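Heads up: the structure comes next, in structure tokens.
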Amino acid sequence: MLICAVVPVYNHGGAVGCVVAALRAQNLPCVLVDDGSDADCAAVLDALAAADEQVCLVRLPQNRGKGGAMMAGLRAALGMGYSHALQIDADGQHDSGDIPRFLQLARAQPKALICGCPLYDADAPKSRRYGRYATHVWVWINTLSLQIRDAMCGFRVYPLAATVPLFDQARLGMRMDFDVEVLVRLSWRGMRIVNLPTRVSYPLDGISHFQLWRDNLRISRMHAKLFFGMLPRLPLLLARKATR
């Protein structure tokens with residue numbers, strides 16, 4: 001197994017350095033995806049890549065959204081010869097102390113997708129925590145399974161050979177809907193999802209790119225699209241469920 005980290009970055013210049021340092025402390029090569037950041041953040045990313053040959057910078061000329069950045073980064077990682085990629089956010093909300101646990105599980109189950117299941121700090125707004133439950137329910141309906149405990153946590157390890165071809169075979173969400181949709185579609189394809197509890201806190205730099213109304217509308221449309229995509233797969237999903 002050859003594992004790297006893929007970090008989508010959009011104007012998180014104040015926090016991304018700490019995230020990269022934590023990844024490199026675990027000897028993980030890093031693929032930073034500059035998703036059309038402003039000049040100040042772009043300069044930070046240039047400096048990080050120049051200082052360490054194990055930090056690769058993929059630059060997107062325009063902002064594509066988290067999904068677009070992740071697809072570009074995962075494609076790049078596969079093209080560099082990596083077999084797996086750890087996804088982690090650039091804002092510092094994910095607990096870097098859990099990186100060894102993610103890597104250990106990935107090495108033990110290389111064909112599975114290791115997915116973070118968030119444990120929130122006390123400072124997390126209840127609206128953010130409880131608002132996720134609507135997505136949880138739709139994910140369980142659209143997969144006919146409780147296998148995915150939280151589809152919105154962007155702290156996970158992908159098996160690249162099984163994941164990247166999906167990008168050419170389905171039109172995935174390019175923004176905040178990506179994290180959910182890619183899990184559902186990989187589950188449809190029979191990939192095992194392994195849930196790993198992990199602490200989630202609020203960003204070090206206080207920047208959130210989640211647009212409440214626009215992204216919630218996107219996510220609602222995605223759930224509807226997945227529901228109608230699930231219906232023709234219903235016999236297969238029921239047969240799979242009966243054999244487990």
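Here the 3J(HN,Hα) profile of region 180-194, calculated from phi with Karplus coefficients 6.51, -1.76 and 1.60 at θ = phi - 60°, is 6, 5, 5, 5, 4, 5, 5, 4, 4, 7, x, 6, 7, 10, 10 Hz, Gly and Pro shown as x. What does a probe at residue 221 reach in region 37-79, counting residues whose amide N is under 20 Å from the point 7 Å along Cα→Cβ? Label zone hits: 63-71. For residue 37, the residues 5 or more places off, or on other chains, whose built amide H falls under 5 Å of its own are 11.
Each Cα pair under 8 Å and six or more residues apart adds its sequence gap; the mean of these over the residue count of the chain is a relative contact order of 24 percent. Each DSSP beta bridge with both residues in region 3-243 is either parallel or antiparallel, and the antiparallel ones are about 25%.
Helix 16-25 axis versus longest C-alpha principal axis of the chain: approximately 80°, rounded to the nearest ten. Packing here is the average count of other Cβ atoms within 10 Å per residue, and on that basis the peptides 173-179, 193-199, highest first, run 173-179, 193-199.
Counting helices only, and only those DSSP H runs with n ≥ 4, report the 222 nm mean residue ellipticity of the chain as the sum of -39,500 (n - 2.57) divided by its residues, in deg cm²/dmol to the nearest 500.
-14000 deg cm²/dmol
Taking amide hydrogens as placed 1.01 Å from N in the peptide plane, the amide H of residue 199 sits under 5 Å from those of 95, 119, each at least 5 positions away in sequence or on another chain. The simple spin-label model puts a point 7 Å past each Cα toward its Cβ; for residue 39 and residue 228 those points are separated by 4.6 nm.
Solvent-accessible surface of the chain, averaged per residue with a 1.4 angstrom probe and all protein chains in place: 47 square angstrom. If you plug the beta carbon distance of residue 238 and residue 137 into 1/(1 + (r/R0)^6) with R0 = 25 Å, you get a FRET efficiency near 0.85. A Förster distance of 41 Å, applied to the separation of the beta-carbon atoms of residue 120 and residue 189, puts the FRET efficiency at 0.85. Compactness check for region 1-153: Cα Rg over 2.2 N^0.38 Å is 1.08.
Counting only protein chains, not ligands or nucleic acids, how are 66, 225, 111, 241 ordered by accessible area (probe 1.4 Å), most first?
The residues order as 111, 241, 225, 66, largest area first.
The share of accessible area on the chain that comes from carbon and sulfur is 57 percent, using a 1.4 angstrom probe.
The values are calculated or read from the model by the stated rules, or taken from the named source; none is laboratory data. Everything quoted here is computed from the prediction, not taken from an experiment. Here the Cβ is made from the backbone with ideal geometry for all residues, glycine too, and neighbour counts use every protein chain on show. Please note that ligands, DNA and RNA were not included when accessible areas were found on the heavy atoms of the full protein model with its side chains. Shrake-Rupley method; radii C 1.70, N 1.55, O 1.52, S 1.80 Å.
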